[in-house]
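*Asks:* First the structure, which I've put down as structure tokens, then a few questions once you've had a look.
The values are calculated or read from the model by the stated rules, or taken from the named source; none is laboratory data. None of these values were measured; they are calculated from a predicted model. Every residue, glycine as well, gets a Cβ built from its backbone with ideal geometry; the counts of neighbours run over all protein chains shown. With ligands, DNA and RNA removed, areas are computed over all heavy atoms of the protein, side chains included. Shrake-Rupley method; radii C 1.70, N 1.55, O 1.52, S 1.80 Å.
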Amino acid sequence: MKQDPSRNAAYTVDCEDYVHVVEFNPFDSGDSGNLIAYGGSNYVVIGTCMFQEEDTNTEGIQYKTLRTFHHGVRVDGIAWSPETRLDSLPAVIKFCTSAADMKIRLFTSDLQDKNEYKILEGHSDFINGLVFDPKEGQEIASVSDDHTCRIWNLEGVQTAHFVLHSPGMSVCWHPEETYKLMVAEKNGTIRFYDLLAQQAILSLESEQVPLMSAHWCLKNTFKVGAVAGNDWLIWDVTRSSYPQVKRPVHTDRACLFRWSTINENLFATTGYPGKMASQFHIHHLGHPQPVLTGSVAVGSGLSWHRTLPLCAVGGDHKLLFWVTEM
């Protein structure tokens, strides 16, 4: 893996508005293309993209918008449902959003006549993370500044509710054992809950605040990563409740942490949008320095491609994509 000094994205896609959040679909949708969703000030766009890294007939990136959904309020978060299928008849597009009005919206579309959404209400402050259960897609977990983690069914009924000690920043579902949920709090505590017993079973401590983002490594669920203060931190839950490795990375406070979906040693972090640009880094645990550094004009959102070492970040009227070598 050679050092890439370049700060420019490998690919860009122009958008009509500032992009607040971007998410690749992490599930196989049965189509050769990759579903991607991004959200702006009052809309969500669903599109597909194909990259030359996965298809030799593609030059650079091939992007196509499938549908734009009116949202009416700023989109803060997007989560894909595993029920999304492009190879079924009719197609099924299912995702949920969190918004500036503290509500969750559950969208269902067949990309033709059926375009519905349901509002899930209950949080009393901003929602910082949301995720579908990855097996059946019948439940949604969300965490909020209101010091709660809530589990909802698709009818919008709350099936569980955990009181937190500080704002909830991130929530992740175990990819196989779907009764396990990870919740990261701003005060630096990461707890794992047993949803059957509805109680905490394990906790980790960052010893640094504010913890802004945490992520469960899906390639190796003993690994948890987070950013707190200016640093990134990695835990091995079998060894200690304190981080095994940590390094300073963003001078202006770190913002987001995401593990690669294909390599348990690869992850990305972003800094806060500064006056001009925010920093974006891809790290490999075998390297002391970031293996790729990018700069994004007021960047926000961070998501890894499902099968490539490729990251998407939202920017000013742009989606930006960076590719790293494994």
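*Asks:* Is it fair to say Asn115 is touching a strand residue (DSSP E or B) at 6+ places or on another chain (Cβ under 7 Å), open to solvent by 10 Å² or more (accessible area, probe 1.4 Å), without any contact (Cβ under 8 Å) to a residue 24 or more places away in the chain and among the polar types (S, T, N, Q)? Quick ask: steps written out before the conclusion?
*Replies:* On the way: touching a strand residue (DSSP E or B) at 6+ places or on another chain (Cβ under 7 Å): yes; open to solvent by 10 Å² or more (accessible area, probe 1.4 Å): yes; without any contact (Cβ under 8 Å) to a residue 24 or more places away in the chain: no; among the polar types (S, T, N, Q): yes.
No: the conditions fail for Asn115.
*Asks:* While we're on this one: Across segment 66-113, what is the number of residues that are β-branched (Val, Ile, Thr), more than 14 Å from Ile46 (Cβ to Cβ) and touching a Phe, Trp or Tyr at 6+ places or on another chain (Cβ under 9 Å)?
*Replies:* Step one: of segment 66-113, the residues β-branched (Val, Ile, Thr) are 68, 73, 75, 78, 84, 92-93, 97, 104, 108.
Those still in the list that are more than 14 Å from Ile46 (Cβ to Cβ) too: 73, 104.
In the following step, the residues that additionally are touching a Phe, Trp or Tyr at 6+ places or on another chain (Cβ under 9 Å) were identified as 104.
Qualifying residue count, segment 66-113: 1.
*Asks:* Mind listing just one residue for me: the one in segment 224-255 that is among the charged types (D, E, K, R) and open to solvent by 30 Å² or more (accessible area, probe 1.4 Å) and, of those, nearest to Gln289 (Cα to Cα)?
*Replies:* Arg247
*Asks:* When segment 53-82 is examined, which residues are found to be in contact (Cβ under 8 Å) with a residue 60 or more places away in the chain and assigned to a loop (DSSP other than H, G, I, E, B)?
*Replies:* Glu53, Glu54
*Asks:* Using beta carbons and a limit of 7 Å, which pairs, at least six apart or on different chains, have the first residue in segment 17-36 and farther than 22 Å from Ser300 by Cα and the second one in a loop (DSSP other than H, G, I, E, B) and hydrophobic (A, V, I, L, M, F, W, C)?
*Replies:* Ser29/Leu86; Gly30/Leu86; Asp31/Leu86
*Asks:* Looking only at segment 98-153, how many residues end up being under 19 Å from Val183 (Cα atoms) and part of a strand (DSSP E or B)?
*Replies:* 20
*Asks:* Sticking with this one: What's the total number of residues in segment 184-223 that are among the hydrophobic types (A, V, I, L, M, F, W, C) and buried (at least 17 other Cβ atoms within 10 Å of the Cβ)?
*Replies:* Number satisfying all stated conditions: 11.
*Asks:* Conditions first: (1) under 17 Å from the mean Cα position of the chain (by Cα); (2) assigned to a strand (DSSP E or B). Arg306 passes all but one, so which condition is the exception?
*Replies:* Of everything listed in (1) under 17 Å from the mean Cα position of the chain (by Cα); (2) assigned to a strand (DSSP E or B), Arg306 misses just condition (2).
*Asks:* Can you tell me which condition Gln198 does not meet? The list is (1) polar (S, T, N, Q); (2) at positive phi; (3) touching a residue at least 40 places away in the same chain (Cβ under 8 Å), and all the others hold.
*Replies:* Condition not satisfied by Gln198: (3).
*Asks:* On to the next question. Checking the condition modelled with pLDDT of 95 or more, of a type outside the set (A, V, I, L, M) and under 20 Å from Thr307 (Cβ atoms), which residue from Ser81, Ser98 passes?
*Replies:* Ser81
*Asks:* Moving on. Determine which member of the set Phe69, Phe95, Phe107 is buried (at least 18 other Cβ atoms within 10 Å of the Cβ), among the aromatic types (Phe, Trp, Tyr) and in contact with a Cys (Cβ under 8 Å, 6 or more places away or on another chain).
*Replies:* Phe107
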